[in-house]
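Participant: Okay, here's the structure, questions in a sec.
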Amino acid sequence: MTVLILTREQDVTADLVVAQLNRTGVPVVRVDPADLPGQVALSGEYVHGSFRGHLSAGGRLVSMSGLRSVWLRRPGVPATRTAEPSAWLTEESSQALYGMLRGTGARWMNDPDAARRARHKPWQLRHAQACGLPVPATLITTFPQVARDFAERFPDLVVKPVSGTHPQEPPRTVPTSRIAPDTDFAAVAFGPTLLQRRIAKTADLRLTVVGDRVLAARKAVPSDAHPDEVDVRYAASTAPWQPVDVPARTATAVHSYLRGAELAYGAFDFVEDADGIWWFLECNQSGQFGFVEMDTGQPIARTIADWLAREEPEAGPRRTGRIRATP
C-alpha cells in the first residue's frame, strides 16, 4: 500500500516526511497537481460496477486502489504548467484528479473540502470560540468608522491579512504589524481589514497536532523585547523553541477544534500572556514544522509518517489530565 503526497516540487517539510517513510520501507509517491497533464498522467475506468484508477508520476505507475493515505500538503494548482494553461483545463484536471482520489477509500491528511474551509480566518476564529479557546478581540471590516470605534475600545491593536500569504509566485508572507495610535483607518474601505487586540505576550506557542497526538513548543519572549515585535517570524529574538506541557483544557479544546473541522493535522499558533492564558491566533491546516523539530527534537515528521503509513484508523484521542509534550 502506497502513501501519496500532493505538494509542490520544492517543499522541505514534505522532504522530512518522505525521508521517514523511506526509512521504514513504506512506498511513497510524490505528485504536484500543477504537472497534470504532462509529467503527471491519470486514468480511471468505471466498468461493471467497479473502479480502476492509475496515476503516473516520475516514471512510476501507481494503482489508486493501492493507496493507503493521501497527504494534501501544499499542492500546486492543477494544469498550471501545461503549454497552454486555462481556467477550463485547471477545472477539468482538478475534477478528474480529486474526484478519482475520493473514490479510493484512502485516508486523507487533510480532506480537500475540509482543508479549504479551514483556511478561512473568520471561520477559524468563530470555531475556536465555539471550542472554548480564548480568542483576542478581533474585527474584520470595510467600514472605516467601525474600525475607529473598535480602536477606541481596544487602543492597542495589530493588523494582519485575512487570507494569509499574498498570492504571488512564490507566495509572499505578509507580517502581522502593530497599529500606530494616530491611524485614521480610512483605507479599510478599499479592502477587508483584520484588526486584533494585541496581547502583551510572554511567549509564542506552536501546537502541532497529528491525529490524537499533540506536540507543543514554546518560544519565550525576552523581557526587553520591543512591543512592536508582534510577529514571531520576524522577531529579533534568538531564543530556541522548547517542548512544553499543554494544559488539559487547551488540549481538549484543540482536539475538539480538529474534530469539528474534520482535520487530521493542524498547526496551531497561540501566544501566552503574563497570566498564563494561551490565546488562539490561528490554525494552519498545512503548516510547516521543521523549525520546531530542529529546536526541540520532537519527532513531528515521524509522527506524520506513522499516521500516513498506518493501515487502520486510530482510536479516538485520549484526553485525561495534563498532556505532556512528546520528547
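The values are calculated or read from the model by the stated rules, or taken from the named source; none is laboratory data. Bear in mind that the values here come from a model prediction, so they are computed numbers and not experimental data. Positions of Cβ are backbone-derived with ideal geometry, glycine not excepted, and every protein chain shown enters the neighbour counts.
Participant: Give all pairs with beta carbons closer than 6 Å in which a residue from segment 1-20 that is under 18 Å from residue 36 (Cβ atoms) meets a residue that is among the polar types (S, T, N, Q) and crowded, with 22+ Cβ neighbours inside 10 Å; count only pairs at least 6 apart in sequence or on separate chains.
Facilitator: Cβ pairs passing all conditions: 14/7.
Participant: How many residues does segment 12-58 contain that are within 19 Å of the chain's Cα centre (by Cα) and surrounded by fewer than 19 Cβ atoms within 10 Å (Cβ to Cβ)?
Facilitator: 2
Participant: Out of 61, 42, I need the residue that is free of Cβ contacts under 8 Å to residues at least 24 places away in the same chain and touching a His at 6+ places or on another chain (Cβ under 8 Å). Which one? So that I can check it myself, show each step before the final result.
Facilitator: On the way: 42 fails: free of Cβ contacts under 8 Å to residues at least 24 places away in the same chain.
Checking each option against the conditions leaves just 61.
Participant: Taking interchain pairs and intrachain pairs at least six residues apart, which have beta carbon atoms under 7 angstrom, with the first residue in segment 76-97 and closer than 23 Å to residue 5 by Cβ and the second among the basic types (Lys, Arg)?
Facilitator: From residues that are closer than 23 Å to residue 5 by Cβ, the pairs are 76/8.
Participant: Within segment 249-294, can you find the residues that are in a loop (DSSP other than H, G, I, E, B), hydrophobic (A, V, I, L, M, F, W, C) and surrounded by fewer than 20 Cβ atoms within 10 Å (Cβ to Cβ)? Even if it seems obvious, please write down each step before you answer.
Facilitator: Of all residues in segment 249-294, those in a loop (DSSP other than H, G, I, E, B) come to 262-264, 274-277, 285-289.
Retained after the next criterion (residues that are hydrophobic (A, V, I, L, M, F, W, C)): 263-264, 274, 277, 289.
Passing the criteria: 274, 277.
Participant: Follow-up. Got a sec? Which strands (runs of 3 or more DSSP E) wholly within segment 50-133 have at least 1 residues that are aliphatic (A, V, I, L, M), farther than 23 Å from residue 303 by Cα and in contact with a helix residue (DSSP H, G or I) (Cβ under 9 Å, 6 or more places away or on another chain)? Before the answer, list the steps.
Facilitator: Values: elements: 50-57, 60-63, 67-74, 107-109.
Once the strands (runs of 3 or more DSSP E) in segment 50-133 are filtered for at least 1 residues that are aliphatic (A, V, I, L, M), farther than 23 Å from residue 303 by Cα and in contact with a helix residue (DSSP H, G or I) (Cβ under 9 Å, 6 or more places away or on another chain), what remains is 50-57.
Participant: Taking segment 168-197 as the region of interest, how many residues are modelled with pLDDT of 95 or more and within 30 Å of residue 246 (Cα to Cα)?
Facilitator: Of the residues in segment 168-197, 4 are modelled with pLDDT of 95 or more and within 30 Å of residue 246 (Cα to Cα).
Participant: Restricting to segment 221-234, give me the number of residues that are touching a residue at least 24 places away in the same chain (Cβ under 8 Å) and buried (at least 18 other Cβ atoms within 10 Å of the Cβ).
Facilitator: Within segment 221-234, the first condition is being touching a residue at least 24 places away in the same chain (Cβ under 8 Å), and the residues that meet it are 227-228, 230-234.
Right, trim to buried (at least 18 other Cβ atoms within 10 Å of the Cβ) and you get 230, 232.
The number of residues fulfilling the criteria is 2.
Participant: Something else now. Being in a helix (DSSP H, G or I) and among the basic types (Lys, Arg) is the filter here, so list the residues in segment 8-46 that pass it. It would help to see each step written out before you state the result.
Facilitator: At the first step, the residues of segment 8-46 found to be in a helix (DSSP H, G or I) are 12-23, 33-35.
If the condition is that a residue be in a helix (DSSP H, G or I) and among the basic types (Lys, Arg), then 23 is the only one that fits.
Participant: Just wondering, is there one or more residues in segment 91-113 that are among the β-branched types (Val, Ile, Thr) and either over 21 Å from residue 264 (Cα atoms) or touching an Asp or Glu at 6+ places or on another chain (Cβ under 8 Å) (or both)? Quick ask: steps written out before the conclusion?
Facilitator: The initial filter retains those residues of segment 91-113 that are among the β-branched types (Val, Ile, Thr), namely 104.
Add one more test, that the residue is either over 21 Å from residue 264 (Cα atoms) or touching an Asp or Glu at 6+ places or on another chain (Cβ under 8 Å) (or both), and what stays is none.
Within segment 91-113, not a single residue is among the β-branched types (Val, Ile, Thr) and either over 21 Å from residue 264 (Cα atoms) or touching an Asp or Glu at 6+ places or on another chain (Cβ under 8 Å) (or both).
Participant: Another one. What pairs come up if the first residue lies in segment 178-199 and is touching a residue at least 60 places away in the same chain (Cβ under 8 Å), the second is among the small types (Gly, Ala, Ser) and part of a loop (DSSP other than H, G, I, E, B), and their beta carbons are under 6 Å apart, counting only those six or more places apart or on different chains?
Facilitator: 197/137
Participant: On the basis of being out of contact with any Cys (no Cβ under 6 Å at 6 or more places or on another chain), under 19 Å from residue 102 (Cα atoms), not assigned by TED's automatic domain parsing to the domain that holds residue 303 and not basic (Lys, Arg), does residue 76 make the cut? Walk me through how you get there before you give the answer.
Facilitator: Numbers: out of contact with any Cys (no Cβ under 6 Å at 6 or more places or on another chain): yes; under 19 Å from residue 102 (Cα atoms): yes; not assigned by TED's automatic domain parsing to the domain that holds residue 303: yes; not basic (Lys, Arg): yes.
So residue 76 fits the description; yes.
Participant: Then there's this: When you look at residue 64, is it outside the structural domain of residue 294 (by TED's automatic domain parsing), touching a Gly at 6+ places or on another chain (Cβ under 8 Å) and within 22 Å of residue 305 (Cβ to Cβ), yes or no? Walk me through it before giving the result.
Facilitator: On the way: outside the structural domain of residue 294 (by TED's automatic domain parsing): yes; touching a Gly at 6+ places or on another chain (Cβ under 8 Å): yes; within 22 Å of residue 305 (Cβ to Cβ): yes.
Spelling it out, residue 64 is indeed outside the structural domain of residue 294 (by TED's automatic domain parsing), touching a Gly at 6+ places or on another chain (Cβ under 8 Å) and within 22 Å of residue 305 (Cβ to Cβ).
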